[in-house]
1. Provide the per residue accessible area, probe 1.4 Å, for the range 59-194, rounded to a whole number of square angstrom.
2. Filter the trypsin sites (Lys or Arg not before Pro) in the range 70-169 down to the DSSP loop ones having no more than 16 other Cβ atoms within 10 Å, then list what survives.
3. On the accessible surface of the range 51-194, probed at 1.4 Å, how many percent belong to carbon and sulfur atoms?
Amino acid sequence: MSEAAKRIYVYPEFTHTVTERHDTDVAYVRADLVDELIKALSAANDLITLFVALEVLSLPLYLMAGLSQRRRLLSQEAGLKYFLLGAFSSAFFLFGSAFLYGFAGTTTFDGIKGQIATSPGNDLYLLVGLAMLAVGLLFKVSAAPFHSWTPDVYQGAPTPVTAFMAAITKVAAFGAFLRIFYVAVGGMVWTWRP
């Protein structure tokens, strides 16, 4: 990643003091951590690692969405909405992980894939778990019909933070989709693919 791509230019409102305001000051938020978290998401071999990486990626975004000084109330409302709906999607993700653990007896992708290959045919826990994981990740991606929170959060958050949220969380969640649906449960493509 280039040095310019490692920085996000955030509004100067994050750096002003109580007594004076410097509009030329620009706060740099390093994207090194985000880069490493996206790598952790794409390299995860376990549902727990995937969940932790996705949540550690989301937690700073909840704060960044609510830190605008110019439109303070709107920004705080956006941060709270993003946090609550992020927690809601995390609950779906964890619920789906619990169902997959109930099916396979493990949270590793290899273990789930092995259990699918040797399954006697009762895939109810697997299908419910995949549905819950998909709902949780679709909330993170803000795909229809789970997108109703997106306009409110994007309107209230500062513009650079909105651009960052719109790009990075989508990349991370789609990486998680690929890891789950092509690595962990790729053996039962005939069940979940149209």
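1. Numbers: 6690 Å² over 136 residues.
Accessible area per residue, the range 59-194: 49 Å².
2. Working: sites: 70, 71, 72, 81, 113, 140; in loops: 70, 71.
Here the sparse-neighbourhood loop sites are 70, 71.
3. 70
The values are calculated or read from the model by the stated rules, or taken from the named source; none is laboratory data. These numbers were taken from a predicted model, which means no experiment stands behind them. FYI the Cβ positions are ideal-geometry reconstructions off the backbone, even for glycines, and counts take in every protein chain you see. Accessible surface is based on the protein model in full, side chains and every heavy atom, while ligands, DNA and RNA are left aside. Shrake-Rupley method; radii C 1.70, N 1.55, O 1.52, S 1.80 Å.
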